[in-house]
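Structure first, then comments.
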Amino acid sequence: FNFTDRRLVDLADDMALENALIFVEDCGQWFCFGSTFWRNSPALDGDVVWAELKETQDDIALLEHYPDRDVYVASYFGRSISPATIDDISARLEDVAAEERQDVIDAQTSTPEERDLTRNSDVERVRQALEFCVETTGNYPDTGGALLAFSVVLRSGSDCLLQRLLPDIPIDPLGDPVRDGYWYRSDGVDFLIVALREGAPAEQRDCPEDLEQARDSLGRMCVVGSIR
């Protein structure tokens, strides 16, 4: 690996944690996880065991495997490691399950045109929230130019309190926020929002040439903005 992010490893060392099981929230980039999980080698029995927070039954199985460890949830955004309970982890699973059930219902009872209208509305809400960020902080939430799932950006704790502006995280009508959701990238001055578009022909996607082409059969729509 050419680069890994050591922020959580360094924080755990500073906290001098013992007998800890730390679930790491999605950071949106592969290199974030390298430093933490390398610490599990050569055996999963050190003072700190690192685990990816999957928000699936795998999390519960891991808790059952380490019943006597102190549990924490870590986030790269804001660089935090916070105490958690089994109930906290279980509640996340219940929330995800409820969203997935509703997503299935919505997808089965809506048309592609209706879903595109929902996407248009969601993207406009995101755009308005980003413009409010500029008014309050002078810049857009900065991802360092990386294209991230917007749900990850919302959890990052931006200076303009983006999550308060969008308490309901926009999730694509088809479901999965990672594969079928909304994406965002910015250097603080320019931004790009990417969403699925079922009804748009290729020439109407309006996405930058450097944007990686989708591997599925659905189109993409893009919205750009700038403070220049």
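If you take the residues of region 172-228 that are more than 12 Å from Arg119 (Cα to Cα) and among the β-branched types (Val, Ile, Thr), which of them is modelled with the lowest pLDDT?
Top of the filtered list is Val178.
Any idea which residue in region 1-59 is surrounded by the fewest Cβ atoms within 10 Å (Cβ to Cβ), counting only those that are hydroxyl-bearing (Ser, Thr, Tyr) and modelled with pLDDT under 75?
Ser41
Looking at Ile81, is it at pLDDT 80 or above, within 30 Å of Asp14 (Cβ to Cβ) and of a type in the set (Val, Ile, Thr)?
Yes, satisfied.
Within region 137-165, count every residue that is surrounded by fewer than 19 Cβ atoms within 10 Å (Cβ to Cβ) and among the aliphatic types (A, V, I, L, M).
4
Counting only residues that are hydroxyl-bearing (Ser, Thr, Tyr) and farther than 12 Å from Ile89 by Cα, which one in region 61-75 is surrounded by the fewest Cβ atoms within 10 Å (Cβ to Cβ)?
Tyr66
Take region 100-136 and flag every residue that is at pLDDT below 85 and either touching a helix residue (DSSP H, G or I) at 6+ places or on another chain (Cβ under 9 Å) or surrounded by 14 or more Cβ atoms within 10 Å (Cβ to Cβ) (or both).
Hits for region 100-136 are Asp103, Asp106, Ala107, Ser110.
The values are calculated or read from the model by the stated rules, or taken from the named source; none is laboratory data. As the structure is a prediction and not an experimental result, all values here were calculated from the model. Using ideal geometry, Cβ is built from the backbone for each residue, glycine included, and neighbour counts are taken over all protein chains shown.
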